[in-house]
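Asks: Pasting a structure here, questions to come.
The values are calculated or read from the model by the stated rules, or taken from the named source; none is laboratory data. Computed from a predicted structure; not experimentally measured. Methodologically, a virtual Cβ is constructed for each residue, glycine included, from the backbone with ideal geometry; neighbour enumeration extends over all protein chains shown.
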Amino acid sequence: MKLDTSHMRYLTTDDFRVLQAVEQGSRSHEVVPTSLIHQLSGMRSQSGTNRAISDLAKLSLISKMRNIKYDGYRLTYNGIDYLALKTMLNRDTVYSVGNTIGVGKESDIYKVSDKNGNPRVMKIHRLGRTSFHSVRNNRDYLKKSNQGANWMHLSRLAANKEYQFMSMLYSKGFKVPEPFDNSRHIVVMELIEGYPMRRLRKHKNIPKLYSDLMRFIVDLANSGLIHCDFNEFNIMIKDEVEDEKDCGFVVIDFPQCISIQHQDADYYFQRDVDCIRRFFKKKLKYEPKPDSSMLDTEGFGDGYKYAYPDFKRDVKRSDNLDELVQASGFSKKHPGDRGLETAVESMRNAVYNSDDDISDNEAEYESEEGDYSEDDEYYDSEFDDEGSEDNSEDAQEEENERIIEALSSGVENLKMDKLGNYILE
């Protein structure tokens, strides 16, 4: 799903009022009645509301549902994109949107800048996208009758949860991107000048990097959290390290974090550890062994007593971040998070248990590297373009494009029907 901001400049204040009304009505209606849209928007005249609805529909920011008993619309992902961007624009956290850095299984990543030209990263959560493709049969946890609305709501929850995690971890000194803003399903964060660890083949101090990564897992658990997706795809290696004490990496992607009170905490902790061990063994030829003659237990690998962390042996709670962010598995978790928890559960259950899985992933990514620009190295593509639309939708898109072009170029005497729909003669 491509982000298209080219029409945002043409939207009026009334257009955004109506768009917000559709969003507000979506909280209680899968399809928001036109009469309710008019009421929530606060527009004076019904004709003004109809005109705005028509403009928004032509831009695919809202969509009209067929075969229902009343006249109504629902918010699209394009529509919620525009609302989130408008909010961030008003807050001065995003001023311009640049190129796509990457497209993931559950998100789109863009390079953006603030009003001072400072580069940042914008992550748009698209929870549920893959459920309609490669793993649709494994995700039957939402009612089909309300699929779209639920996905949009869960994307919003996932973004908010990730922003909470990053804000809390960044304030505690963990090596994560600095979060700047969150609106709806979008998170804006620091741009890391580096590349994913999956491309790492040599390093000036492999034992230290290994130990620091294992230490990160333990320190995070001591604070009450487990990453659940701690692998070479979610670890950024910095291009330049000014401080020798700097570990030289930054960890990304946090919506799947769980509490150490989670019933499967031991399993997810060990899986994170195994992902790092397997990568270092396969790609960097580094496989440390335990050394009982060593007394130092502050790190892991060569020069330390233990080769890798163990949940029961090494995790000693020192903070309550899981309670502060209401992480999944925490005993006092808010019941409203159950839907999000169900949705991200399958994300956590991705298979990392064999070298073959890593090899397959690596082959998939390496085959795409030739198409990447320099900026693309920040985030890796995990998802192919969505399938083409059917013929009827294509025809509708062509008509909409003609109308949009006419609106943009200022065609005179552009007529409208009784419902406020534009007519091209």
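Asks: K285: more than 30 Å from F330 (Cα to Cα), at pLDDT 95 or above and either of a type in the set (G, A, S) or assigned to a loop (DSSP other than H, G, I, E, B) (or both), yes or no?
Replies: It is true that K285 is more than 30 Å from F330 (Cα to Cα), at pLDDT 95 or above and either of a type in the set (G, A, S) or assigned to a loop (DSSP other than H, G, I, E, B) (or both).
Asks: Could you run through region 149-183 and say how many residues are surrounded by fewer than 22 Cβ atoms within 10 Å (Cβ to Cβ), in contact with a His (Cβ under 9 Å, 6 or more places away or on another chain) and among the polar types (S, T, N, Q)?
Replies: 1
Asks: Test F254 against the criterion of being within 29 Å of T297 (Cβ to Cβ), surrounded by 19 or more Cβ atoms within 10 Å (Cβ to Cβ) and modelled with pLDDT of 95 or more, and give yes or no.
Replies: no
Asks: Here are the criteria: (1) touching a residue at least 60 places away in the same chain (Cβ under 8 Å); (2) under 17 Å from S211 (Cβ atoms); (3) buried (at least 22 other Cβ atoms within 10 Å of the Cβ). Tell me which single one D272 does not satisfy.
Replies: (1)
Asks: Hey, another quick one. Within region 311-328, which residues are over 17 Å from L169 (Cβ atoms) and either at pLDDT below 95 or loosely packed, with under 15 Cβ neighbours inside 10 Å (or both)?
Replies: K312, R313, K316 - these are the residues of region 311-328 that are over 17 Å from L169 (Cβ atoms) and either at pLDDT below 95 or loosely packed, with under 15 Cβ neighbours inside 10 Å (or both).
Asks: Further question on the same structure: Given the criteria in the same structural domain as A307 (by TED's automatic domain parsing), on the phi < 0 side of the Ramachandran plot and hydroxyl-bearing (S, T, Y), does S211 qualify?
Replies: Against the criterion (in the same structural domain as A307 (by TED's automatic domain parsing), on the phi < 0 side of the Ramachandran plot and hydroxyl-bearing (S, T, Y)), S211 qualifies.
Asks: Looking only at region 186-215, filter to residues that are in contact with a strand residue (DSSP E or B) (Cβ under 9 Å, 6 or more places away or on another chain) and in a loop (DSSP other than H, G, I, E, B); which one of those is farthest from E298 (Cα to Cα)?
Replies: Checked region 186-215; the qualifying residue farthest from E298 (Cα to Cα) is L191.
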